[in-house]
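Below: one structure, written as structure tokens.
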Amino acid sequence: MSTRISFILNGSRVTVDVEPWESLLDVIRKKLGLKGTKLAFCRGACGGCGACTVIIDGRAVYSSILPAYKVDGRNVITIEGLASPEGLHPLQEAFVEAGAIQCGFCTSGMLMSAKALLDENPDPSDDEIKDALRGNLCRCTGYVKIIEAIKLASKRMRRPAGGG
Ligand code: FES
Ligand code: FES
């Protein structure tokens, strides 16, 4: 039997009927039409690749293994909520500039984990970045450029507005 849930998705309230077995990833992609969150290497079987990462109440979470009904009343951000009308998020710009994107399957999940990290810790060390990304697999980049991109974004986001 389906349940009606209501939650904040990228700043707007959405209401949707979900089945008890439906994952948040399926609801986001199939019922709400946001295709940026990916089902990738682990196929959502038990979690582990991180391509489906979204932010729920400030924490990076695998949406492929989370029953959708659990987000009732909560605040969810997907990759579609990262950019603003003014342009790309500094993390997105830095990923492009640093060459941290190749096939792109991991990228939306990486960005969401990175955003959750920088929101909580604006100036993370390399080890803290690696720790925040331990649940996100990338089969292309070797991670070095991803870490460089997060450090670049961190530096820019900490720079005072108008600062050089
Ligand atoms: S698709 Fe969700 S963790 Fe891999
Ligand atoms: S860019 Fe291809 S898996 Fe990360």
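The values are calculated or read from the model by the stated rules, or taken from the named source; none is laboratory data. Only a predicted model underlies this, so the values are computations on that prediction, with no experimental measurement involved. Please note: Cβ atoms are built from the backbone with ideal geometry, for glycine as well, and neighbour counts cover all protein chains shown. Just the protein is used for accessible areas: all its heavy atoms, side chains included, with ligands, DNA and RNA removed. Shrake-Rupley method; radii C 1.70, N 1.55, O 1.52, S 1.80 Å.
For region 150-158, the criterion of being open to solvent by less than 20 Å² (accessible area, probe 1.4 Å), out of contact with any strand residue (DSSP E or B) (no Cβ under 9 Å at 6 or more places or on another chain), within 16 Å of ligand 2 (Cβ to nearest atom) and not assigned by TED's automatic domain parsing to the domain that holds Ile28 is met by at least one residue. Applying the condition of being among the β-branched types (Val, Ile, Thr) and in a loop (DSSP other than H, G, I, E, B) to region 56-85 and asking which residue is farthest from Gly11 (Cα to Cα) yields Ile65.
Would you check if Gly81 is under 27 Å from Glu22 (Cβ atoms), within 16 Å of ligand 2 (Cβ to nearest atom) and open to solvent by 10 Å² or more (accessible area, probe 1.4 Å)?
Values: under 27 Å from Glu22 (Cβ atoms): yes; within 16 Å of ligand 2 (Cβ to nearest atom): no; open to solvent by 10 Å² or more (accessible area, probe 1.4 Å): yes.
The answer is no for Gly81.
Every condition in (1) modelled with pLDDT under 95; (2) outside any loop (DSSP other than H, G, I, E, B) is met by Cys46 except one, and the failing one is (2). Only residues that are within 15 Å of Ala153 (Cα to Cα) and in a loop (DSSP other than H, G, I, E, B): list them for region 86-107, please. Within region 86-107, Leu88, His89, Gly99, Ala100, Ile101 qualify. For region 38-78, the candidate set comprises residues that are crowded, with 23+ Cβ neighbours inside 10 Å and among the hydroxyl-bearing types (Ser, Thr, Tyr); within that set, the residue that is farthest from Met112 (Cα to Cα) is Ser64.
Can you spot a residue in region 92-109 that is of a type outside the set (Asp, Glu), touching a Gly at 6+ places or on another chain (Cβ under 8 Å) and surrounded by fewer than 19 Cβ atoms within 10 Å (Cβ to Cβ)? Quick ask: steps written out before the conclusion?
We begin by selecting, within region 92-109, every residue of a type outside the set (Asp, Glu); these are 92, 94-96, 98-109.
Filter again for touching a Gly at 6+ places or on another chain (Cβ under 8 Å), leaving 106, 108-109.
From what is left, the residues that are surrounded by fewer than 19 Cβ atoms within 10 Å (Cβ to Cβ) are none.
No: region 92-109 contains no residue that is of a type outside the set (Asp, Glu), touching a Gly at 6+ places or on another chain (Cβ under 8 Å) and surrounded by fewer than 19 Cβ atoms within 10 Å (Cβ to Cβ).
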